[in-house]
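Let me begin by presenting the structure, written as C-alpha coordinates, before commenting on it.
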Amino acid sequence: NLNVERYYASGSTIGYTSPSTKIVYMNGNFFDDFTASEVADNLMHEWLHKLGFDHDSSATARRPYSVPYAIGYIAEDMVAGLM
(Lines give C-alpha, C1' and ligand atoms only; values in the text may rest on other atoms or scores of the structure.)
Protein backbone atom coordinates (compact mmCIF):
# COMPACT_ATOMS: atom_id res chain seq x y z
CA ASN A 1 0.00 0.00 0.00
CA LEU A 2 1.05 3.54 -0.66
CA ASN A 3 -0.34 6.10 1.79
CA VAL A 4 0.48 9.66 0.76
CA GLU A 5 0.31 12.72 2.97
CA ARG A 6 1.04 16.21 1.68
CA TYR A 7 2.88 18.79 3.73
CA TYR A 8 4.25 22.21 2.92
CA ALA A 9 7.81 23.26 3.73
CA SER A 10 10.48 25.42 2.17
CA GLY A 11 13.73 23.80 1.19
CA SER A 12 14.83 21.24 -1.35
CA THR A 13 13.19 18.08 0.02
CA ILE A 14 10.56 16.88 -2.46
CA GLY A 15 9.34 14.06 -0.27
CA TYR A 16 10.46 11.51 2.25
CA THR A 17 9.57 8.24 3.95
CA SER A 18 11.16 5.35 5.77
CA PRO A 19 10.57 1.60 5.83
CA SER A 20 9.14 1.90 9.35
CA THR A 21 6.13 4.05 8.38
CA LYS A 22 3.20 3.46 6.02
CA ILE A 23 3.19 7.08 4.91
CA VAL A 24 5.01 8.80 2.06
CA TYR A 25 5.24 12.52 2.79
CA MET A 26 5.08 14.74 -0.30
CA ASN A 27 6.01 18.43 -0.21
CA GLY A 28 3.16 20.39 -1.81
CA ASN A 29 5.56 23.21 -2.69
CA PHE A 30 6.88 20.91 -5.42
CA PHE A 31 3.86 18.78 -6.28
CA ASP A 32 1.57 21.72 -6.93
CA ASP A 33 3.66 22.37 -10.07
CA PHE A 34 4.83 18.83 -10.95
CA THR A 35 3.71 17.03 -14.07
CA ALA A 36 2.16 13.58 -13.77
CA SER A 37 5.47 12.03 -14.84
CA GLU A 38 7.39 13.93 -12.15
CA VAL A 39 4.90 12.76 -9.51
CA ALA A 40 5.33 9.16 -10.74
CA ASP A 41 9.11 9.56 -10.48
CA ASN A 42 8.95 10.68 -6.86
CA LEU A 43 6.32 8.16 -5.79
CA MET A 44 8.42 5.33 -7.23
CA HIS A 45 11.55 6.80 -5.60
CA GLU A 46 9.88 6.91 -2.17
CA TRP A 47 8.27 3.48 -2.55
CA LEU A 48 11.71 2.01 -3.20
CA HIS A 49 12.86 3.50 0.11
CA LYS A 50 10.00 1.53 1.70
CA LEU A 51 11.51 -1.62 0.18
CA GLY A 52 14.82 -0.78 1.86
CA PHE A 53 16.77 0.85 -0.97
CA ASP A 54 18.75 3.94 -0.02
CA HIS A 55 21.05 6.56 -1.54
CA ASP A 56 23.64 9.06 -0.42
CA SER A 57 22.04 11.84 1.62
CA SER A 58 24.05 14.55 -0.12
CA ALA A 59 24.49 15.17 -3.84
CA THR A 60 27.28 12.85 -5.00
CA ALA A 61 28.30 11.59 -8.42
CA ARG A 62 26.82 8.16 -7.70
CA ARG A 63 23.52 9.31 -6.17
CA PRO A 64 21.60 9.52 -9.51
CA TYR A 65 22.53 5.88 -10.16
CA SER A 66 21.11 4.58 -6.87
CA VAL A 67 18.06 2.33 -7.14
CA PRO A 68 15.52 4.95 -5.95
CA TYR A 69 16.74 7.58 -8.38
CA ALA A 70 17.39 5.29 -11.34
CA ILE A 71 14.02 3.50 -11.17
CA GLY A 72 12.29 6.82 -10.47
CA TYR A 73 13.75 8.22 -13.70
CA ILE A 74 12.52 5.15 -15.61
CA ALA A 75 9.01 5.63 -14.18
CA GLU A 76 9.09 9.30 -15.16
CA ASP A 77 10.09 8.44 -18.73
CA MET A 78 7.38 5.77 -18.99
CA VAL A 79 4.61 8.08 -17.80
CA ALA A 80 5.87 10.93 -20.01
CA GLY A 81 5.67 8.54 -22.98
CA LEU A 82 1.98 7.95 -22.23
CA MET A 83 1.10 11.64 -22.23
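The requirement of being touching a helix residue (DSSP H, G or I) at 6+ places or on another chain (Cβ under 8 Å) and either at positive phi or of a type in the set (Ser, Thr, Tyr) (or both) is fulfilled somewhere in the stretch 27-48, by at least one residue. All conditions but one from (1) in a helix (DSSP H, G or I); (2) modelled with pLDDT under 95; (3) open to solvent by 40 Å² or more (accessible area, probe 1.4 Å) apply to Ile71; the one that does not is (2). Criterion applied to Ser12, Ser66, Ser57, Ser18 was being polar (S, T, N, Q), within 14 Å of the chain's Cα centre (by Cα) and modelled with pLDDT of 95 or more, and the one residue passing it is Ser66. Taken as a whole, the condition of being closer than 23 Å to Tyr7 by Cα, among the small types (Gly, Ala, Ser) and out of contact with any Lys or Arg (no Cβ under 8 Å at 6 or more places or on another chain) does not apply to Gly81.
How many of the residues in the stretch 17-59 are open to solvent by 50 Å² or more (accessible area, probe 1.4 Å) and assigned to a helix (DSSP H, G or I)? The number of residues fulfilling the criteria is 6. The set of residues from the stretch 74-83 being part of a helix (DSSP H, G or I), among the hydrophobic types (A, V, I, L, M, F, W, C) and loosely packed, with under 11 Cβ neighbours inside 10 Å comprises just one member, Leu82. In the stretch 38-67, the residues that are within 12 Å of Leu2 (Cβ to Cβ) and among the hydrophobic types (A, V, I, L, M, F, W, C) form Cβ pairs under 7 Å with partners that are at pLDDT 95 or above and open to solvent by 50 Å² or more (accessible area, probe 1.4 Å), at six or more places apart or across chains, as follows: Met44/Ile71; Leu48/Val67; Leu48/Ile71. For the stretch 1-16, the set of residues classified as assigned to a loop (DSSP other than H, G, I, E, B) and surrounded by fewer than 16 Cβ atoms within 10 Å (Cβ to Cβ) consists of Asn1, Leu2, Tyr8, Ala9, Ser10, Gly11, Ser12, Thr13, listed by residue number.
The values are calculated or read from the model by the stated rules, or taken from the named source; none is laboratory data. The structure presented is a predicted model; accordingly, all values stated were derived computationally and were not measured. Backbone-built Cβ (ideal geometry, glycine too); neighbour counts: all protein chains shown. Heavy atoms of the whole protein, side chains included, go into the accessibility calculation; ligands, DNA and RNA do not. Shrake-Rupley method; radii C 1.70, N 1.55, O 1.52, S 1.80 Å.
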